[in-house]
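Following: one structure in structure tokens, then a few remarks.
The values are calculated or read from the model by the stated rules, or taken from the named source; none is laboratory data. Just so it is clear, the structure is predicted and the values come from calculations on it, not from any experiment. When we count neighbours, we look across all protein chains shown, and the Cβ atoms used for this are built from the backbone with ideal geometry, even at glycine. Surface accessibility is based on the protein's heavy atoms, side chains included, excluding ligands, DNA and RNA. Shrake-Rupley method; radii C 1.70, N 1.55, O 1.52, S 1.80 Å.
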Amino acid sequence: MPIDPKLLDDLRVRREKVMLSGGQDKIDKRHEKGELTARDRMNSLFEEGSFTEIGMHTTHNCHNFGMERKYIPGDGVISGFGLVNGRPVACAASDFLAQGGSLGYMHARKIADAQSYALKAGIPMVTMNDSGGARLQEGVAALSGFGTIFHQNVLASGVVPQISMILGPCAGGAAYSPALTDFIIMRKTGNAGMYITGPKVIEQVTYEKCTMDEIGSAAIHASVSGNVHFVADSDEHAIAILKHLLTYLPSNNTEDPPHELGHPLDLGADPGMNDIIPEDNRTPLDVQKVIAHLVDEGSFFEVQRDFAPNVVVGFGRICGVVVGIIANQPNVKAGCLDIDASDKAARFIRFCNAFNTPLVNLVDVPGFLPGKHQERGGIIRHGAKMIFAYSSATVPKVTVILRKAYGGAYIAMCCKDLGADAVYAWPGAEIAVMGAEGAVPVLYGRELKGIEDPAAKAARQSELLSEYREAFYNPYAAAALDMVTDVINPAETRARVALTLRTLLNKKETRPAKKHGNIPL
């Protein structure tokens, strides 16, 4: 028998009611402000007709404070799965038009269902945050919902990529879920904001006055707190960033990144690399220019561009192979590693290792940043995160020493002893415990002190500097001790790195059995 038309009509009416969310008037007002609704965002993300919704007809379970008479379409969240550029992705989007997108117990269950589906299916999980926070009428049930989501975030960590989008308010406990994910994309316009306590509460408790922009804006989180990885101009821009990011990521930790191995392996020289190197090693070198010559044209996708810019991290392709790049930036703080740079690099290294992405390290570092603030802020602990991250990583690791590589920072940037599979050095590279200007007075201070004539003393110091550099600074001294694989012409860098990566794609490395290491957090 054919299905009863009344049943189909009832289904259509129920779906339309949910699809209209807070009503056509609210939808129109949203569009007038140039913002997308939750369903608009889903439609922009997924290929047409591919989205399957989870829990469309879910309703809240609250019977307090008049909520039993309140209808909340979809309980304020849309969740499900579909195709993004042909690849399956799971997603949950807060619906601000339905009770302010507030989180209740069933709302949280819908998000957790999408998270669980992503984990079982081995596909990326995306959350679009635009919510007024916990639903006060549900009390502890709302808090239970947050806990369920956080637990799912942790279960999925390192198994499937997790990406958060801040497209509206994200306050209080809601902010912890994005913090547990791998990448955060935040819109800088409209009412997008992320914070634990707002300005009014801060002033009431600490008497400290501040604005929302000072604590919760995209600019602050991208440059000061380091919480945000990408800043978007609009909802559409945020979704475009998300789609581009996914082109570098595998769907889960059992797969390789989407390498393009059909790309020809170009082993030719690149004379342009030599042209960008300053004659004097003390002249800053813009490492972005080195990266541009190293990767396939236009393929570098920088992560956390505005946070700790003295180290550059991001994804790229080298002759088709997807890589994670970690590079010192001499144009900022002379390329020194500091607290924020260490945190930024270590977390990126650990993401790449979790998702089978080879690491390419470009070294031009005079050391860790000195100073009372750094020491009191725990530079020892933070710097140790890089050492831990690199040592733990079992993916292919290729290091290129461009110019300076001094002291502990030389080690922390993935020297051979931390497990680098290949270490290449340019002919002008300086590898040493410290700069020659600082080392010579320490080593030869007594001799220099005995020379009374200032001119003779300066001449002798210049001789000692030259001798010290010749003996210890050139890369051949490190190569003689098997710490450098080869000293190469800078023009050969791309070819050497590309070939090395291709030979390492099947790398296997086992580690001692353990539950997990204890990274110095």
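Observations on the structure shown:
- Percent of beta bridges antiparallel (DSSP, the chain, rounded to nearest 5): 35 percent
- The H on the amide N of VAL77, modeled in the peptide plane, is under 5 Å from the matching H of ASP95, each at least 5 residues off or on a different chain.
- Dipole magnitude for the range 430-483: computed about the Cα centre from +1 point charges on Lys and Arg Cβ and -1 point charges on Asp and Glu Cβ, it is near 160 debye.
- Calculated FRET value between ALA480 and HIS263, using beta carbons and R₀ = 35 Å, to 0.05: 0.45
- The range 468-520: C-alpha gyration tensor shape, a/c 1.5 cut-off, then a/b vs b/c: oblate
- Gyration tensor verdict on the range 236-321 (Cα atoms; rounded if a/c is under 1.5, prolate if a/b is larger than b/c, oblate otherwise): oblate
- Proximity of backbone amide H atoms, modeled 1.01 Å from N, is registered between HIS259 and VAL322 at under 5 Å, excluding neighbours fewer than 5 places apart on the same chain.
- Difference of contour (0.36 nm per residue) and Cα-Cα distance, LYS209 to ILE451: 81.1 nm
- Sulfur and carbon atoms: percent of accessible area, the chain [1.4 Å]: 55 percent
- When each of LYS188/LYS243; LYS188/LYS372; LYS416/LYS508; LYS289/LYS333 is checked by Cα-Cα distance, pairs over 27 Å: LYS188/LYS372
- Between TYR390, ILE149, ALA171, the Cα set farthest toward the positive side of the dipole of the chain (charges on each charged residue's Cβ, about the Cα centre) is that of ILE149.
- In order along the range 127-134, the phi-based Karplus estimate (6.51 cos²θ - 1.76 cosθ + 1.60, θ = phi - 60°) of 3J(HN,Hα) comes to 10, 10, 8, 7, 9, x, x, 5 Hz; Gly and Pro are listed as x.
- Amide H partners (placed H, <5 Å) of VAL311, local residues excluded: GLN329
- Using only side-chain charges placed at the Cβ, +1 for Lys and Arg and -1 for Asp and Glu, the dipole size of the chain relative to its Cα centre rounds to 1420 debye.
- Partner lysines whose Cα lies under 24 Å from the Cα of LYS449, excluding those fewer than 8 positions away in the same chain, are identified as LYS457.
- Solvent-accessible area per residue for the chain (1.4 angstrom probe, square angstrom): 46 Å²
- For the chain, the longest principal axis of the Cα atoms and the long axis of helix 235-246 meet at an angle of about 60 degrees.
- Exposed loop sites are taken as chymotrypsin sites (Phe, Trp or Tyr not before Pro) in a DSSP loop (any state but H, G, I, E or B) with at most 16 other beta carbon atoms within 10 Å; the longest stretch of the chain without one runs 208-521.
- Computed log10 I(q)/I(0) for the range 93-205 at 0.11, 0.14 Å⁻¹: -0.33, -0.54, from the Debye equation with unit scatterers placed on every C-alpha and solvent omitted.
- Long-range tail of P(r) for the range 343-410 (Cα pairs > 17 Å, %): 47 percent
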